[in-house]
1. Scanning for something part of a loop (DSSP other than H, G, I, E, B), among the small types (Gly, Ala, Ser) and modelled with pLDDT under 95, does the range 23-36 turn up at least one residue?
2. Within the range 20-68, can you find the residues that are among the hydrophobic types (A, V, I, L, M, F, W, C) and touching a residue at least 24 places away in the same chain (Cβ under 8 Å)?
3. Could you check the range 23-48 and list, in sequence order, the residues that are of a type in the set (Asp, Glu) and more than 14 Å from Lys2 (Cβ to Cβ)?
4. Taking Glu57, is it open to solvent by 70 Å² or more (accessible area, probe 1.4 Å), touching a helix residue (DSSP H, G or I) at 6+ places or on another chain (Cβ under 6 Å), part of a helix (DSSP H, G or I) and not basic (Lys, Arg)?
5. Within the range 12-51, track down each residue that is closer than 23 Å to Glu63 by Cβ and open to solvent by 70 Å² or more (accessible area, probe 1.4 Å).
Amino acid sequence: MKNRVEELRKSRGLRQEEFAKAIRVSRQTVSSIETGRYSPSLDLAFTISDFFGLPIEEIFIHERKDMP
């Protein structure tokens, strides 16, 4: 899943460590989300959404795959 977390974090002038502390996760979790290696739980996605004051769908972009 693509996301805008890194872009939004940087626009606020936050380092990964600062953002991680604010949303109560590790810096490694933030890094994994930003690189797309980890998709956050729905609860964490809402926490991130609340932090940035944006709807989830403006932060996380679901890419639909063609279904057979």
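1. Our first condition is that a residue be part of a loop (DSSP other than H, G, I, E, B); within the range 23-36, this holds for 24-26, 36.
Within this subset, residues satisfying the condition of being among the small types (Gly, Ala, Ser) are 26, 36.
Now restrict to residues that are modelled with pLDDT under 95: 36.
Checking the range 23-36: at least one residue is part of a loop (DSSP other than H, G, I, E, B), among the small types (Gly, Ala, Ser) and modelled with pLDDT under 95.
2. So in the range 20-68, the residues among the hydrophobic types (A, V, I, L, M, F, W, C) come out as 20, 22-23, 25, 30, 33, 42, 44-46, 48, 51-52, 54, 56, 59-61, 67.
Within the range 20-68, Ala22, Ile23, Val30, Ile33, Ile48, Phe51, Phe52, Leu54, Ile59, Phe60, Ile61 meet the criteria.
3. Here is the first cut: in the range 23-48, the ones of a type in the set (Asp, Glu) are 34, 43.
Listed by number, the list holds a single entry, Asp43.
4. Numbers: open to solvent by 70 Å² or more (accessible area, probe 1.4 Å): yes; touching a helix residue (DSSP H, G or I) at 6+ places or on another chain (Cβ under 6 Å): no; part of a helix (DSSP H, G or I): yes; not basic (Lys, Arg): yes.
Spelling it out, it is not the case that Glu57 is open to solvent by 70 Å² or more (accessible area, probe 1.4 Å), touching a helix residue (DSSP H, G or I) at 6+ places or on another chain (Cβ under 6 Å), part of a helix (DSSP H, G or I) and not basic (Lys, Arg).
5. Thr35, Arg37, Tyr38, Leu42, Asp43, Phe46
The values are calculated or read from the model by the stated rules, or taken from the named source; none is laboratory data. Given the structure is predicted, the values throughout are model-derived calculations rather than measurements. All Cβ positions, even for glycine, are placed from backbone atoms using ideal geometry, and neighbour counts span all protein chains on display. These accessible areas exclude ligands, DNA and RNA; they are computed on the full protein's heavy atoms, side chains included. Shrake-Rupley method; radii C 1.70, N 1.55, O 1.52, S 1.80 Å.
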